[in-house]
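Report on one structure; see the data block that follows.
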Amino acid sequence: MRRQKLADLRAAGFDPFRANVEPTHFSQDAIAQYVDEQDNTVTVTVAGRLITFRVQGGSSFVKIQDQQGVIQLYFRKDVLGEERYMVFKKQLDLGDLIGVTGTLFKTKTGEITVRVESFTLVAKALRPLPEKWHGLSDAEQVYRQRYLDLIVNQESRKRLMTRSRIVSHIRRFLEDRQFLEVETPVLQGVAGGAAARPFETHHNALGTDFVLRISLELYLKRMLVGGYDRVFEIGRNFRNEGVSRRHNPEFTMLEVYQAYSDYRGMMTLVQDLFRSLCNDVLGTAQITHAASGEVIDFAADWREVKYKDIIREKTGNPDWFNLSKADKIAGVEALGLKVDPKWEDYEITNEIFGKLIEPKLIQPTFVTHLPKELCPLAKITADDPTTIDVFELIIGGMEIAPAYSEQNDPDVQRQMFEAQAGEEVQKIDHDFLLALEHGMPPAGGMGIGIDRLCILLTGAESIRDVILFPQLRNTAG
RNA sequence: GGGUCGAUAGCUCAACGGUAGAGCAGCGUCCUUUUAAGUCGUUGGUUCUGGGUUCGAAUCCCAGUCGACCCA
């Protein structure tokens, strides 16, 4: 039927796919032009997708949707003339893209509406829209055909637009503080800066294998060596691991490095960032955590606690870190967890943190001074050689932002890498160590998982709800 | 990788092992201020795929595909 209408239009000498309009306003901007009590004095041209169609004899109300939202249009036979009115009634379908010019007026129910004087079809929808009332709820179709989800599901539209605003706001926030945005390689010889399995690929002309980056860290630190004292990058990382509500194989990280600062400086920075996001993007500092229903209050003071203290608190044992491995295993099992006896001491303890503590930290919490084994890139704490000068910011039971006082001693860095790599010395980034030998300023660094940040700030339940096109299995054909 | 659940009209969903249905969308009719507009009529199906059981399968069994959730 829709193809027939298209054929009829073409037979009448009009091809919608060759037509265009010049909108003067987006929908909401147009509505704002209306002058109270002065119907039909302001002329606007708006364009968008037809999403409701209510014909009643010689007059009709329809609604179109654009980037800003929805605006109502009023078509009348006596305004348009018999012939054009019939084209409107018979040739247009829900889903078509049209442009109209007309004057603004207020209906008797108070809705500001365009009284259409002329209209143009600029693209014919050959397939019908999903149902208007229930929307599109099939998860697979929502992800694979996100454009349909965006057309019919207002929450998805709003949520994903909020993501754009969050990212844009972060850029402005950092630029205001003299941070420089840089772009570093996605294709790398060694996947450094984190512990994760990379995707592998091959460059034909160079005849060499590459991995896709799993972290931005080591290249941004090279920028510190190069004299860029405040840098950041917002970029895609790739990890060849599980897919879940919290994990997508490609995800967006922000990493920030500030010379002559440290992890405490990052603490201030991240709190300021959240405060300004709440203020300027969300308009509120209280957000309901989807999974627990608890209200997260970003305006309240953020808790700060040392890793060892929170473990001692959970285990009820002030002497936990002096226990033998066997006693630690017994202690962990007493808490209802299973551990592999082959694990290192710190892994056994960290199981308590990961399973019993982190998921319960809903309000913003800085956990500081983590065991040094958990990260080889940070400075050792001056008065405790078993921990590092770092924090892990936990909100909503998720790791949102780790930050370090960055290790800038090339010899200590080399030892840490070697200890971590074990047999796999080929995985050490020697070029990075060479850079450190030229002198990297002391610095604070921080990473924020943008996807998780968006989950948190939009109250979403899954990472797939804040990524436009989340990864799914390929379908045959 | 393991477990649980799911896939039926364009969309949202029904249907005891016994004629595949509704609402919206579509098509036709009436209607010049509607708000999920209303009215009367009407079209529409590889029931995810492939096997099996049965007189008879959307329904039961097996295998596969895709997805969701939980676990690793």
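The values are calculated or read from the model by the stated rules, or taken from the named source; none is laboratory data. Since this is a predicted model, take the numbers as computed values, not measurements. Here Cβ is always computed from backbone atoms with ideal geometry, including for glycine, and neighbour counts include all displayed protein chains.
Let's see how each residue does on (1) acidic (Asp, Glu); (2) more than 22 Å from A:Val367 (Cα to Cα); (3) at pLDDT 95 or above:
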{"residue": "A:Pro441", "(1), (2), (3)": "no, yes, yes"}
{"residue": "A:Gly447", "(1), (2), (3)": "no, no, yes"}
{"residue": "A:Leu453", "(1), (2), (3)": "no, no, yes"}
{"residue": "A:Leu457", "(1), (2), (3)": "no, no, yes"}
{"residue": "A:Arg464", "(1), (2), (3)": "no, yes, yes"}
{"residue": "A:Leu468", "(1), (2), (3)": "no, yes, yes"}
{"residue": "A:Arg473", "(1), (2), (3)": "no, yes, no"}
Return yes or no: is A:Val55 surrounded by fewer than 18 Cβ atoms within 10 Å (Cβ to Cβ), near RNA strand B (Cβ under 9 Å from one of its atoms) and not in a loop (DSSP other than H, G, I, E, B)? yes
Taking the stretch A:271-321 and keeping residues within 19 Å of the chain's Cα centre (by Cα), in a loop (DSSP other than H, G, I, E, B) and surrounded by 13 or more Cβ atoms within 10 Å (Cβ to Cβ) leaves A:Ala285, A:His289, A:Ala290, A:Ala291, A:Phe298
Residue list for the stretch A:370-413, restricted to those being assigned to a strand (DSSP E or B), farther than 19 Å from A:Met266 by Cα and of a type in the set (Val, Ile, Thr): A:Thr386
Would you point out which residue out of A:Gln28, A:Gln33, A:Gln56, A:Gln67 is within 22 Å of A:Glu131 (Cα to Cα) and at pLDDT 95 or above? A:Gln67
Could you name every one of the strands (runs of 3 or more DSSP E) located completely within the stretch A:206-262 that has at least 3 residues being without any contact (Cβ under 8 Å) to a residue 60 or more places away in the chain? A:208-212, A:230-238
Filtering the stretch A:27-52 for residues that are of a type in the set (Gly, Ala, Ser) and not in a strand (DSSP E or B) leaves a count of 3
Every residue from the stretch A:87-142 that is part of a loop (DSSP other than H, G, I, E, B), acidic (Asp, Glu) and within 6 Å of RNA strand B (Cβ to nearest atom): A:Asp93, A:Glu111, A:Glu131, A:Asp138
Checked A:Glu418, A:Glu423, A:Glu461 against criteria (of a type in the set (Asp, Glu), in contact (Cβ under 8 Å) with a residue 60 or more places away in the chain and either in a loop (DSSP other than H, G, I, E, B) or exposed (fewer than 15 other Cβ atoms within 10 Å of the Cβ) (or both)); the one match is A:Glu461
Selection from the stretch A:121-153 of residues touching a residue at least 60 places away in the same chain (Cβ under 8 Å) and in contact with a Phe, Trp or Tyr (Cβ under 9 Å, 6 or more places away or on another chain) yields A:Leu121, A:Val122, A:Ala123, A:Lys124, A:Tyr143, A:Arg144, A:Arg146
Is there a residue being surrounded by fewer than 18 Cβ atoms within 10 Å (Cβ to Cβ) and within 21 Å of A:Pro402 (Cα to Cα) anywhere in the stretch A:323-340? no
For the subset of the stretch A:58-101 comprising residues that are of a type in the set (Asp, Glu) and touching a Gly at 6+ places or on another chain (Cβ under 8 Å), which member is nearest to A:Asp149 (Cα to Cα)? A:Asp66
Got a number for residues in the stretch A:58-68 being crowded, with 16+ Cβ neighbours inside 10 Å, more than 9 Å from RNA strand B (Cβ to nearest atom), more than 13 Å from A:Leu121 (Cβ to Cβ) and not acidic (Asp, Glu)? 2
From the residues in the stretch A:1-26 that are outside any loop (DSSP other than H, G, I, E, B) and of a type in the set (A, V, I, L, M, F, W, C), which one is surrounded by the most Cβ atoms within 10 Å (Cβ to Cβ)? A:Leu6
